Amino acid sequence: MDLKAAEHKGTVTLESERLILRRFTIEDAEASFQNWAGEAAITKFLRWERHQSVDESSAIIEQWALSYKKKDFYQWAIVLKDLDEPIGAISVVGKNDKVNSVHIGYCIGSRWWNKGYVTEAFKTVIAFLFDVVHVNRIESQHDPVNVASGRVMEKCGLTYEGTMRQADWSNRGIVDARMYGILAADYVKTNGQ
């Protein structure tokens, strides 16, 4: 099967009912550190360690600012409209141009868990990546212990595809990885396009 190539657009601003997904700016460093990046509970299941200071958050945001020049770089701040500051992040953490697929990662501050914000953000990103960028596959994975992350994937229409044993690592060490995916054809069927 011959797949059409993605038409990368870069990190453009996206909007949903309660959220704005936008590029990070250096002014976001304090909120990023306070709202999630400095919180140990957030990074437990992630590959990066919690930030030790606002300066560390600033340095990472500066790196992202340079990467925003690339059309295939996607790193969104999840901004709650009512708060007008980032409460988390969602990004393309991996891509495979040969099969036109992207891998999504996300995190959000614990004060905003179980309110549907990550699901809303992920659904918005899925629509953008299928409708505008024209990827063929979107995937994500989670540590089986992090059940809430798997629920987000299911609510967003991703299908559980299997568990890869001891195939990933996080701040917990070497862990299993539960893989989920959705194809453009699946998305079109479920959205009546």
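Could you pull out every one of the aspartates and glutamates with an alpha carbon less than 16 Å from that of K4, ignoring same-chain neighbours closer than 8 positions?
D72, D97, D131
Over all directions, how big on average is the projection of the convex hull of the alpha-carbon atoms in the range 1-96, in square nanometres?
7.6 nm²
What chymotrypsin sites (Phe, Trp or Tyr not before Pro) in the range 16-57 are in a loop by DSSP, with at most 15 other Cβ atoms within 10 Å of the Cβ?
The qualifying sites are W48.
Taking all protein chains in place and a 1.4 Å probe, what share, in percent, of the accessible surface of the range 44-151 do carbon and sulfur account for?
Heavy-atom surface of the range 44-151 belonging to carbon and sulfur, 1.4 Å probe: 49 percent.
Work from the charge dipole of the chain (Cβ charges, +1 for Lys and Arg, -1 for Asp and Glu, about the Cα centre) and give the residue of V54, I78, A29 farthest towards its positive end.
Of the candidates, I78 comes out farthest on the positive side.
If you build the convex hull over the alpha carbons only and average its shadow over all orientations, what do you get for the range 96-193? Give it in nm² to one decimal.
For the range 96-193, averaging the hull's shadow over all directions gives 6.7 nm².
Out of V102, S170, T43, whose Cα points farthest toward the positive end of the dipole of the chain (charges: +1 Lys, Arg; -1 Asp, Glu; placed on Cβ)?
Final value for the positive-end residue is V102.
Please list, in order along the range 144-151, the HN-Hα scalar couplings obtained from phi with the Karplus expression 6.51 cos²θ - 1.76 cosθ + 1.60 (θ = phi - 60°), rounded to whole Hz, x for Gly and Pro.
Residue by residue, the range 144-151 yields x, 5, 8, 4, 4, 5, x, 5 Hz.
Place a point 7 Å from the Cα of I26 along the Cα-to-Cβ direction; which residues of the range 53-75 have their backbone N under 17 Å from it?
Only 54-69 fall inside the zone, counting backbone N under 17 Å.
Could you work out the relative contact order of the range 36-104? I mean the mean sequence separation of Cα pairs under 8 Å and 6+ apart, divided by the number of residues, in percent.
Dividing the mean separation by the residue count of the range 36-104 yields 18 percent.
How much accessible area per residue does the chain have, counting only protein heavy atoms and a probe of 1.4 Å, in square angstrom?
53 Å²
Pairs of alpha-carbon atoms within less than 8 angstrom and 6+ residues apart define the contacts here; what relative contact order does the range 1-155 have, in percent?
27 percent
Going by average Cβ density within 10 Å per residue, which order do the peptides 55-65, 167-177 take, highest to lowest?
Highest-to-lowest ranking by the protection proxy: 55-65, 167-177.
Would you calculate, for the chain, the mean residue ellipticity at 222 nm contributed by helices, counting each DSSP H stretch of 4 or more residues as -39,500 (n - 2.57) and dividing by all residues, to the nearest 500?
One gets -7000 deg cm²/dmol as the mean residue ellipticity at 222 nm.
Evaluate E = 1/(1 + (r/R0)^6) for D55 and K9, where r is the Cβ-Cβ distance and R0 equals 35 Å; express this FRET efficiency to the nearest 0.05.
Given R0 = 35 Å and the Cβ-Cβ separation, E is 0.65.
Taking the Cα atoms of the chain, what is the range of coordinates along each of the three principal axes, in descending order and whole Å?
Computed over the chain, the largest-to-smallest principal extents equal 48, 35, 29 Å.
Looking at the range 41-133, which trypsin sites (Lys or Arg not before Pro) are in a loop (DSSP not H, G, I, E or B) and have at most 13 other Cβ atoms within 10 Å?
Passing sites in the range 41-133 are R47, K69, K70, K71, K81, K98, K115.
For the chain, modelled as a Gaussian network with Cα springs under 10 Å, which listed residue fluctuates most, T124, T25, T11?
Looking only at T124, T25, T11, the largest GNM fluctuation is found for T25.
Any idea what the dipole of the chain comes to, in debye rounded to 20, about its Cα centre with Lys/Arg Cβ at +1 and Asp/Glu Cβ at -1?
Taking the Cα centre of the chain as origin, the dipole is about 460 debye.
Tell me which GluC sites (Glu not before Pro) from the range 1-49 have a DSSP coil assignment and no more than 11 other beta carbons within 10 Å of their own.
Of the GluC sites (Glu not before Pro), the ones in loops of the range 1-49 whose Cβ has at most 11 other Cβ atoms within 10 Å are E7, E17, E49.
The values are calculated or read from the model by the stated rules, or taken from the named source; none is laboratory data. Just so we're clear, the structure is a prediction, and the values are computed from it rather than from any experiment. Cβ sites come from the backbone with ideal geometry, for glycine too, and all protein chains shown count toward neighbours. The protein model used for the area step is the full one, side chains on, heavy atoms only, and it has no ligands, DNA or RNA in it. Shrake-Rupley method; radii C 1.70, N 1.55, O 1.52, S 1.80 Å.
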